[in-house]
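Undergrad: The following block contains the structure, expressed as structure tokens.
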Amino acid sequence: MPVPDRIQFKIHGMDCAEEVAVLRRELGSLVGGEENLTFDVLQGRLTVSGSRPDASAITDAVRRTGMRAELWQVDNATAPTPSRGWNGKTIATVASGVLTVAGFATHAALNGGVAAALGSEGLGATATIPLIARVLYMGAVLSGAWFVLPKAWYSLRRLRPDMNLLMTIAVVGAIGIGEWFEAATVSFLFALSLALESWSVGRARRAVEALMKIAPESVGVVLPDGTSQATPSAQVAVGTIFRVPPGERIGLDGTVTQGVTEVNQAPITGESLPVSKETGSAVFAGTINGNGVIEVRSTKIASDTTLAHVIRLVAESQGRRAPAEQWVNRFAQIYTPVVFAIAILVATIPPLAFQQAWGVWLYQALVLLVLGCPCALVISTPVSIVAGLAAAARNGVLVKGGLALELPARLKAIAMDKTGTLTEGKPAVAKVVALNGHTEQELLERAGALEASSEHPLARAICEYVTSRGLRPEHARDFTLIPGKGATAILDGRLFWLGSHRFLEERGQETPEVHSLLDELSKTGHSVVVIGNETHVCGFIALADRLRPGVREVLAATHALGIAHVVMLTGDNEGTARTIAKQAGIDEVHSELLPADKVTVMESLVQKYGVVAMIGDGVNDAPAMARSSLGIAMGAIGSDAAIEAADIALMSDDLHQLPWLIAHSRRTVSIIRQNIILSLAVKFIFVVLAFSGHASLWAAIAADMGVSLLVIFNGLRLLNSTSPARA
């Protein structure tokens, strides 16, 4: 029987980057290297890929770290919803707090009052603490340390001091010198800080869970007799027709086959206004149907929809650590052992070298150990990253990891594809010129009649424009298609023709004036359709790929954010490229490029500006995206190759989210820096207080917990970040 190339586990107790680091060290050698391990902190999921040992070996290795693993038995398209009720960690924390208060009250009531319970009698006053109070204090210590002790033991065996070991030593040391109240308080406050950390991850997890619940579990599959039958979405095959009533969510990605409606696409693309849909329009799972009944042909199975793709990539992005997070982890790996060594020196040198009291300096060493806990510092970055990623996904921007979230803040230049990114990617009527006494209305009616039977993109664009003007062309008789050139037909009893500039030249009806006009339009990127009769040219219609609405304003806002240079990379001709660039406000244009040429230009831009993004939507953009510092794909309309090559996908079909993305990235980086500075500043202040004899154990842990709370709530502010398109 073949061995699967991937296995997944649910890891209980994995809530932060430090625990991920422990698992990497413990499991790396078992699975052929740490690169075969992928962690999803939000879902508590570990994925082992490539060559792997037996599942039981991984489960045993995880157990040695103080965490617990079980096989993940859920289909990849879905994920379990974590319990929001009281879990073991919460119960233990509450029990520790209650027992600490009970122990303190008992101590104060039975012996010496509040002052004695607070330790005013000095260090080592164990004999004055009633037995019942000590039992309650010990219960508080054990409850608070219940989930810490296994991890501390693992840390001790591996000789890798971490915050769990530091806290355990501090608590045991406090008990050893008779500070039972402080031992219980430290144990409770540390347990509370871990519970808050777990809650913060849960808050971000629920933000992603909101995405997972927006697609309905079943769709109304249309039966041969015209009725519909509710069928689980996961069982619907590609090509199946399903019906979506008004006001309901669409269950699968697909193409509208019948009906007209408006769809609220905000859950996927971030667009604030409903989008019109008709036969042939694409729709996405999780979006909301408007007032019309539509029938949709599914184009993807449930596990491969755009929504499922978004959820999966947001989850996987937790394994891609941001530069700030990597720096914090490296700093903590050095910082924690150094503090541990300093604490040993503080506890031993004064008594041994200067005959100082052992109890006083042991106490100060314990304070240093508490201060050495890197909890607030370690969680300062991942909480912000997770919140930033979740907020981006909710606003229609799919960011593949912390590195991609930080990079927009450092952008110096942006390169963009033209067709489908800056422009709509389809021709539209740009200019109508009537000649030889004909009116514009006459010209459009004749063009509409001649193009009515054609499926050519230019013909469809002309017909759409004619319809939008409220015109109703007569039916053409004796229609004849001339392949590669044009068409002829009888209108109002006369022969009319329609075709390209070359067809006009072949008919010999071109004048110098008309040639000059057509040549000028061709140089500026227009495609021209000429209409005439047997005696003269009636006029012509110029079509061009139209700039997307709001692009100029978006690029102006991008420049205002400090992006120095915006460049267009396109395979189109120079005339067309420069026309679009001028309309959009592009700084530099590179035209007539093959995919390899785009890579060459991108390499020169990266060398010149440092951090450069590439925005595109097609297969030919994927190589340049991969070479750029940051690849950004037009996610809802882009090719799969472009989306896979990109670091970020803008799930709407325009660029309006780009300025918001840059500002959101800068805000995320700013909050990360605030958290790091705050964590280190508080550590420094209390180290000074400890050396001067003015810091206590409970005050140190309270300060550490307070900073942890501040960095958590400061990071979670990013969840409220909303793009203008959704405001």
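The values are calculated or read from the model by the stated rules, or taken from the named source; none is laboratory data. A quick note: this is a predicted structure, and the numbers were derived from the prediction, not measured. All Cβ positions, glycine included, derive from the backbone under ideal geometry; neighbour counts span all protein chains shown.
Undergrad: Could you please find all residues in the stretch 409-432 being at pLDDT below 90, touching a helix residue (DSSP H, G or I) at 6+ places or on another chain (Cβ under 9 Å) and in a strand (DSSP E or B)?
TA: The answer is Asp417, Thr423, Gly425, Lys426, Pro427, Ala428, Val429, Ala430, Lys431.
Undergrad: I'm trying to understand the selection: among the residues of the stretch 442-462, which are among the small types (Gly, Ala, Ser) and surrounded by fewer than 19 Cβ atoms within 10 Å (Cβ to Cβ)?
TA: The answer is Ala452, Ser453, Ser454.
Undergrad: Continuing with this model, one more query. I'd like the full set of residues that are buried (at least 22 other Cβ atoms within 10 Å of the Cβ), at pLDDT below 75 and touching a helix residue (DSSP H, G or I) at 6+ places or on another chain (Cβ under 6 Å), limited to the stretch 636-677.
TA: Ala636, Ala642, Ala645, Ala646, Ser652
Undergrad: Does the stretch 138-173 hold any residues that are surrounded by fewer than 17 Cβ atoms within 10 Å (Cβ to Cβ) and among the basic types (Lys, Arg), and which are they?
TA: Passing the criteria: Arg157, Arg158, Arg160.
Undergrad: Only one residue in Asp15, Asp75, Asp40 is modelled with pLDDT of 70 or more and either surrounded by fewer than 13 Cβ atoms within 10 Å (Cβ to Cβ) or of a type outside the set (Gly, Ala, Ser) (or both). Which one?
TA: Asp40
Every residue, every condition in (1) part of a helix (DSSP H, G or I); (2) more than 24 Å from the chain's Cα centre (by Cα); (3) at pLDDT below 90, yes or no:
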{"position": "Leu252", "(1), (2), (3)": "no, no, no"}
{"position": "Thr257", "(1), (2), (3)": "no, yes, no"}
{"position": "Val263", "(1), (2), (3)": "no, no, yes"}
{"position": "Pro267", "(1), (2), (3)": "yes, no, yes"}
{"position": "Leu273", "(1), (2), (3)": "no, no, yes"}
{"position": "Ser276", "(1), (2), (3)": "no, yes, yes"}
{"position": "Ala285", "(1), (2), (3)": "no, no, yes"}
{"position": "Asn291", "(1), (2), (3)": "no, yes, yes"}
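Undergrad: Of the residues that sit in the stretch 43-56 and are out of contact with any Asp or Glu (no Cβ under 9 Å at 6 or more places or on another chain) and part of a strand (DSSP E or B), which one is modelled with the lowest pLDDT?
TA: Per the criteria, the residue is Arg45.
Undergrad: Ok, one more. Only one of these is at pLDDT 75 or above and crowded, with 24+ Cβ neighbours inside 10 Å: Gly388, Gly359, Gly372. Name it.
TA: Gly388
Undergrad: Something else: In the stretch 434-465, how many residues are among the hydrophobic types (A, V, I, L, M, F, W, C), part of a helix (DSSP H, G or I) and over 21 Å from Leu518 (Cβ atoms)?
TA: Matching residues across the stretch 434-465 total 2.
Undergrad: Just need a number here: residues in the stretch 482-523 that are over 29 Å from Gly575 (Cβ atoms) and of a type outside the set (D, E, K, R).
TA: 7
Undergrad: Something else: State yes or no: is Pro382 at pLDDT 85 or above and under 21 Å from the mean Cα position of the chain (by Cα)?
TA: So Pro382 fails the test.
Undergrad: Identify all residues within the stretch 150-171 that are in a helix (DSSP H, G or I) and charged (D, E, K, R); write none if there are none.
TA: Those that are in a helix (DSSP H, G or I) and charged (D, E, K, R): Lys151, Arg157.
Undergrad: Looking only at the stretch 537-560, which residues are surrounded by fewer than 17 Cβ atoms within 10 Å (Cβ to Cβ) and at pLDDT 90 or above?
TA: Matches in the stretch 537-560: Arg552, Glu553, Ala556, His559, Ala560.
Undergrad: Still on this model: If you scan the stretch 591-625, which residues turn out to be closer than 17 Å to Asp572 by Cβ and assigned to a helix (DSSP H, G or I)?
TA: Within the stretch 591-625, Pro595, Ala596, Asp597, Lys598, Val601, Val619, Asn620, Asp621, Ala624 meet the criteria.
Undergrad: Restricting the search to the stretch 511-548, which residues are under 54 Å from the mean Cα position of the chain (by Cα), over 18 Å from Lys426 (Cβ atoms) and of a type in the set (D, E, K, R)?
TA: Asp519, Glu520, Lys523
Undergrad: Let me ask something else. Out of Thr100, Thr59, Thr90, I need the residue that is in contact with a strand residue (DSSP E or B) (Cβ under 7 Å, 6 or more places away or on another chain), polar (S, T, N, Q) and either at pLDDT 85 or above or assigned to a helix (DSSP H, G or I) (or both). Which one?
TA: Only one candidate passes the filter, namely Thr59.
Undergrad: Next question. I'd like the residue in the stretch 658-699 that is assigned to a helix (DSSP H, G or I) and of a type in the set (Gly, Ala, Ser) and, out of all such residues, is farthest from Val399 (Cα to Cα).
TA: The qualifying residue farthest from Val399 (Cα to Cα) is Ala690.
Undergrad: Residue check: is Ile586 among the aliphatic types (A, V, I, L, M), touching a residue at least 24 places away in the same chain (Cβ under 8 Å) and out of contact with any helix residue (DSSP H, G or I) (no Cβ under 6 Å at 6 or more places or on another chain)?
TA: Judged against the criteria, Ile586 is a match.
Undergrad: Look at the stretch 590-600 and say how many of its residues are crowded, with 18+ Cβ neighbours inside 10 Å and under 29 Å from the mean Cα position of the chain (by Cα).
TA: Total satisfying the criteria: 2.
Undergrad: Which residues, counting only those in the stretch 197-248, are under 19 Å from Ala282 (Cβ atoms) and either at pLDDT below 70 or assigned to a helix (DSSP H, G or I) (or both)?
TA: Across the stretch 197-248, the qualifying residues are Ile214, Ser233.
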